[in-house]
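Colleague: Provided herewith is a single structure, encoded as structure tokens, for subsequent inquiry.
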Amino acid sequence: MADDPREIIDREPMSRFQWVVVAIMVGLNALDGFDVLSISFASPGIVKDWGIDRAALGLVLSMELIGMAVGSIVLGGVADRFGRRRTILGCLVVMAAGMFAASTAHDVVTLSIWRVLTGLGIGGMLATTNAAVSEASNIARRNLAVVIMAAGYPLGAIVGGSISSALLRHFDWPVVFQFGGIVTLCFIPIVLWRAPESIAFELQRRRPGTLAAVNRTLARMGHRTVDALPPEKAVGAAMPLAALFSPALARITLLITLAYTAQLMTFYFLLKWIPKIVVDMGFAPSSAGSILVFANCGGLVGSLLLGLLTAKIKVRTLTIATMAVSAIMVSWFGRGQGSYGELAWIAAITGFFTNGGIVGLYALLARSFPTDVRATATGFAIGVGRGGSALAPALAGFLFAAGYGLQTVAILMASGSVIALLALLALGNRGEAT
């Protein structure tokens, strides 16, 4: 029997080339983190120029999540049919177009349309990069690589947000989207140069040149090449999305999707409401952005530390524990703090655990599904999660408007982490498959 290139990748140590692929995917995921904050940084200028009210602005803020939800579900399936690399490149083109077009918008409707377009590309990117990182890594470092990839989100929020703040001191709000479009375009040659198609996908969707393509990638990874391809496995269902609800995968699909959606609702409550909460605590509005950066710094550290701990602790166990502390910290954040320094530390620790729960779910997604539906499964979970999470800021706003205090609202929104950990408990060891 011919050697299986996938087993060679699984067994052999990770080469520098493989870590470069992971680093590129970190950068691609960072575009998501920047995208979430780009509209937040641009919104004061938009309100000033257009004279729109908060209801209209809220509509614009929700558009990106709607676009991400659709893009994750639809383009995750595209990645399983046409390849990780092609889908990533297509998503970059869509994202760049949406960013540049948003900088030219002159009203709420056109800006909303361009935000949906950008969200479509971002959603497809999230589904595809998760699968690409998993398939470029060996078994020993797969969890670490996926979690590091997920750390790109807070990294993008920190770096992109800081650069946007600096640009806005000298230019008007369109510069935020122009900056995002330029950075997005810069990734196209990088992906073409250093991110080959996944070997697992090449073997799943074979064509006449598959052996040569696989050997080229193996050689670039520093691994030995093969003389022939292993026997072809049965091709998955014609509609991969339907395969997620087959008897073998339905339970895993539903429970991980529920966990992701619930945890993301807690996460987005924190991310979207920190500025308003900080001001309501009696701090100056200028302090709100800094506290948000502290929360994202905590999320970045949480991602990296979680990745290191996956070498010693099972991913599901680690993620459940992280979610438990996430619920506690969000509730604690709602108590209000006596000083700016105390608030900053609480925000950072809360961001550490809320984001840690999400990146743990990325690792579980990468481990729990076979190659032919991996991007589809990731896209479905992300799509449903992003769509559901769009309700979190609105739900919190409704509760505040109904007269509930910050402590009560925080406890209620922290329940998302509790629901998520209960879903993973129900999942059992099915989430530990490799």
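Where a number appears in this text, it was derived from the coordinates with a stated rule and is not lab data. Treat the numbers as computed from the prediction; the structure is a model and nothing was measured. No Cβ is skipped: glycine too gets one built from the backbone with ideal geometry, and neighbour counts run over all protein chains shown.
Colleague: When the helices in the chain are scored as -39500 (n - 2.57) per DSSP H run of 4 or longer and the sum is shared across all residues, what 222 nm value do you end up with, to the nearest 500 deg cm²/dmol?
Modeller: After summing the helix terms and dividing by the residues of the chain, the value is -27000 deg cm²/dmol.
Colleague: Normalising by the residue count of the stretch 1-235, find the relative contact order in percent from Cα pairs under 8 Å and 6+ residues apart.
Modeller: 37 percent
Colleague: Still on this structure: Might you report the magnitude of the Cβ-based charge dipole of the chain about its Cα centre, with Lys and Arg at +1 and Asp and Glu at -1, to the nearest 20 debye?
Modeller: On the way: 32 positive and 22 negative charges, 136 e Å.
So the dipole magnitude of the chain works out to roughly 660 debye.
Colleague: Let's see if you can work this out: charge +1 on each Lys and Arg Cβ, -1 on each Asp and Glu Cβ, no other charges. What is the dipole magnitude of the stretch 237-434 about its Cα centre, in debye to the nearest 20?
Modeller: Charge dipole of the stretch 237-434: 340 debye, to the nearest 20.
Colleague: Further question on the same structure: Got a sec? Charge dipole of the chain, +1 on Cβ for Lys and Arg, -1 for Asp and Glu; which of 385, 397, 20 is way out at the positive end?
Modeller: Looking along the dipole axis, the top candidate is 20.
Colleague: Let me ask you something else. Projected onto the charge dipole of the chain (+1 at Lys/Arg Cβ, -1 at Asp/Glu Cβ, origin at the Cα centre), which of 277, 44, 261 gives the Cα projection farthest towards the positive end?
Modeller: Working it through, the farthest residue towards the positive pole turns out to be 261.
Colleague: Quote the relative contact order of the chain in percent (integer), defining contacts as alpha-carbon pairs under 8 Å separated by 6+ residues.
Modeller: 25 percent
Colleague: Please determine, in degrees from 0 to 90 and to the nearest 10, the orientation of helix 174-194 with respect to the longest principal axis defined by the Cα atoms of the chain, where the helix direction is its Cα long axis.
Modeller: 10 degrees
Colleague: Say R0 is 22 Å: what FRET efficiency, to the nearest 0.05, do residue 106 and residue 165 get from their beta-carbon distance?
Modeller: Rounded to the nearest 0.05, the efficiency is 0.35.
Colleague: Give, rounded to the nearest 20 debye, the magnitude of the charge dipole that the stretch 1-235 has about its Cα centre when Lys and Arg contribute +1 at Cβ and Asp and Glu contribute -1 at Cβ.
Modeller: Around 440 debye, computed over the stretch 1-235.
Colleague: Now for a different question. Can you bin every Cα-Cα distance in the chain into 10 Å intervals starting at zero and give me the percent of pairs per bin, rounded to whole numbers?
Modeller: Result returned by the calculation: 5, 23, 33, 25, 11, 3, 1, 0.
Colleague: Rounded to whole Hz and in sequence order, give me ³J(HN,Hα) for the stretch 292-302 from the Karplus expression 6.51 cos²θ - 1.76 cosθ + 1.60, θ = phi - 60°, writing x for Gly and Pro.
Modeller: Using θ = phi - 60°, the values come out as 5, 5, 4, 4, 6, 4, x, x, 5, 4, x Hz.
Colleague: Among 402, 150, 375, whose mean-square fluctuation peaks in a Gaussian network model of the chain (Cα, cutoff 10 Å)?
Modeller: Among 402, 150, 375, the largest mean-square fluctuation in the Gaussian network model of the chain belongs to 402.
Colleague: On to the next question. Using a 10 angstrom cutoff on alpha carbons, build the Gaussian network for the chain and name the most mobile of 118, 129, 210.
Modeller: The residue with the greatest mean-square fluctuation here is 210.
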